[in-house]
Amino acid sequence: PPEVLGDVPTAGPQGETPLRTPMVSPLGRARIPEPLALVVFGATGDLMRRKLMPALWRLKQEGMLPDDFAIVGNAREATDDADFRERMRGALAEFAKEPDAAEWEAFSHRLRFVGGSTDDPSTFVQLAKVLGEVDKECGTRGNRLFYLALPPSVVAQTAEGLGRAGLVCHPEDRCYTRIIVEKPFGRDLDSAKALNASLLKVFAEPQIFRIDHYLGKETLQNLLVFRFANTIWEPLWQRNYVDHVQITVSETVGVESRAGYYDRSGALRDMIQSHLLQILTLVAMEPPASYDADSIRNEKVKVLQAIPLLQGEDIDRYAVRGQYAASEESSASEKDGEKGASMPAYRDEKDVPEGSRTETFAALRLLVDNWRWAGVPFYLRTGKRLPAKQSEVVIRFRPAPHPVRDQVQDDTPAPNALVLHIQPDEGISLFFEAKVPGIRGPLRPVSMDFKYTSAFEGAESPEAYQRLLLDAMLGDATLFARRDEVEAAWTLITPILQAWEAGGEPDPYPANSWGPECATELLAREGRSWH
Ligand code: NDP
């Protein structure tokens, strides 16, 4: 049965007339999708091998795929069904676990491959033919989910090719067609608008699923439950009690082998425009009128629209860009054997152009200028080669006015913070003051910790892609970005990108440190510090 959030009365005193629609959580439903063919463009790529195929296999093993299901892969490379099946079996062995031979044998017949570039109309003719065969052999009934795991440069042409080939069902047809588009969704506001326009020539908005895999993470979904299924936080969740909010997504790795992509992107585009702003909207949004996709997304868009643009001198003041320089020490999380090894500067990494000005660290101070949050800064930071890999949200409450505060030891962090650990060690910690036992015991912050792994022992969090693929198959767009949401996020980011591209240099920071000095100053000049 659908999971109902909270103790919501659904009937009047006599039990006949519903008082209001129950708040049905989209987060807890377990439904099996209709029969369908999943068409993956870019099926020989990294995303398919590392994430999508393992996620599909897990869904199958958990009984969440329909019996009548097929996967059709596409890439330019000329390969055949047998080779594609073998590659996918290899991907499972490498990134999930070696599938049972009999189970794989039964499933692999549902995998087909169509070679050819998506700029060639004959690819779509061949695809239509194979999909027709699949409908007959696998009972997929004309339902299609197109997954574009492609380089961004060929996404629009692929959507248009599908339209021209007549592979898109009309919303009123008995079958359905949906399309999943990967991030990055555009490079700036204009390109995002152009991509939306291309997609909307062929698909209606409810058919388009713009993926941000961060939204598939269990802790982010739990943020909605945490806020709206508990009454204790809501009175505090506003400017009278919250001093500021911090959102950190940090990585210990450098650019690795991705310099080709990363150098054209940078931390602001790659992380803040998508993941960090998504997290911000979930923290700041108002309770939705109901938990359907559009009600939730309406509230998220309102948050983005309430953020004043950073422009002119404010960009220098409230936006920090950094780039990692060489360091002699390795991060604590590096393998033992590598301890003490020096880490190269970003500019010395393989495939990074000489003198690159791309930022590997970005921090912003934003305001959400609405009734709930007026005057409360939201500090966002993300970067590579930082000392820890973690994603967390810190809600820092206002300090207590009582003189007992004076007994807090100088070097301890300010108390009263709620920390949402998104990864690793998913959970929630509440920091508050306690007296150290003893006659003259000073105060010290202590924490109450909730950890998913211990609270729900044995229960495994699904991989983000598992959750998102299933939702797209079910037609539930709650965890996908809507057109206006993506454009509102680019509206905020584009002026900063343009200012940075126009000139100046990113501030260097030593690898394995928390970013450039000015990231510390961003908070310090307002009397605050990073958690
Ligand atoms: P890869 O470069 O590993 O794979 C790209 C795939 O697209 C290959 O299968 C390639 O095969 C195919 N391809 C390229 N051009 C065409 C074309 N014209 N027609 C048909 N197929 C084509 O990329 P990834 O798998 O890493 O990424 C795919 C998308 O997913 C990107 O948009 C990326 O930003 C996004 N993404 C990836 C993540 C990851 O972890 N890998 C994470 C988040 C997002 P061939 O060359 O044979 O045509």
Integer Hz, Karplus 6.51/-1.76/1.60 couplings in order for the stretch 419-431, x for Gly and Pro: 10, 9, 8, 7, 6, x, 6, 3, x, 9, 10, 10, 9
Per-residue HN-Hα couplings for the stretch 233-244 [Karplus 6.51, -1.76, 1.60; θ = phi - 60°; Hz; x = Gly/Pro]: 7, 3, x, 8, 7, 6, 4, 5, 10, 8, 7, 6
Ordering of 55-61, 270-276, 394-400 by packing [mean C-beta count within 10 Å, highest first]: 270-276, 55-61, 394-400
Percent of Cα-Cα distances greater than 29 Å, calculated over the chain: 58 percent
Other-chain or far-sequence residues with amide H under 5 Å of ARG144's (modelled H): ALA37, TYR176, THR177, ARG178
Burial ordering of LEU47, LEU310, fewest other beta-carbon atoms within 10 Å first: LEU47, LEU310
ALA106/CYS169 FRET efficiency (R0 25 Å; Cβ-Cβ; nearest 0.05): 0.30
The stretch 64-92 and the stretch 418-443: distance between their alpha carbon centers, rounded to Å: 49 Å
Set LYS384/LYS435; LYS193/LYS451; LYS97/LYS300; LYS51/LYS389; LYS300/LYS384 screened for pairs whose C-alpha atoms are more than 29 Å apart: LYS384/LYS435; LYS193/LYS451; LYS97/LYS300
Per-pair calculated FRET efficiency, R0 = 30 Å: SER454 and ASP46 via Cβ, rounded to 0.05: 0.35
Cut-off under 5 Å, modelled amide H: who pairs with GLY45 long-range: none
The chain: antiparallel DSSP beta bridges as a percent of all, rounded to 5: 55 percent
Segment ALA78-GLU205, length gained on full extension (0.36 nm per residue, minus Cα span): 42.4 nm
Cα-based Kirkwood hydrodynamic radius, the stretch 222-328, one decimal, Å: 16.8 Å
In order through the stretch 509-524: 3J(HN,Hα) via Karplus (6.51 cos²θ - 1.76 cosθ + 1.60), integer Hz, x for Gly, Pro: 9, x, 3, 6, 10, 8, x, x, 3, 5, 6, 5, 5, 3, 8, 4
Computed helical MRE - 222 nm, the chain, DSSP H runs ≥ 4 contributing -39500 (n - 2.57), nearest 500: -9000 deg cm²/dmol
The stretch 462-531 and the stretch 345-369: distance between their alpha carbon centers, rounded to Å: 12 Å
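Every read-out reported here was derived from the displayed coordinates using simple, explicitly stated rules and does not represent laboratory data. Note that the structure is a prediction, hence the values are computed from the model and not measured. Because the Cβ atoms are built from the backbone with ideal geometry, glycine has one as well, and the counts that use them run over all protein chains shown.
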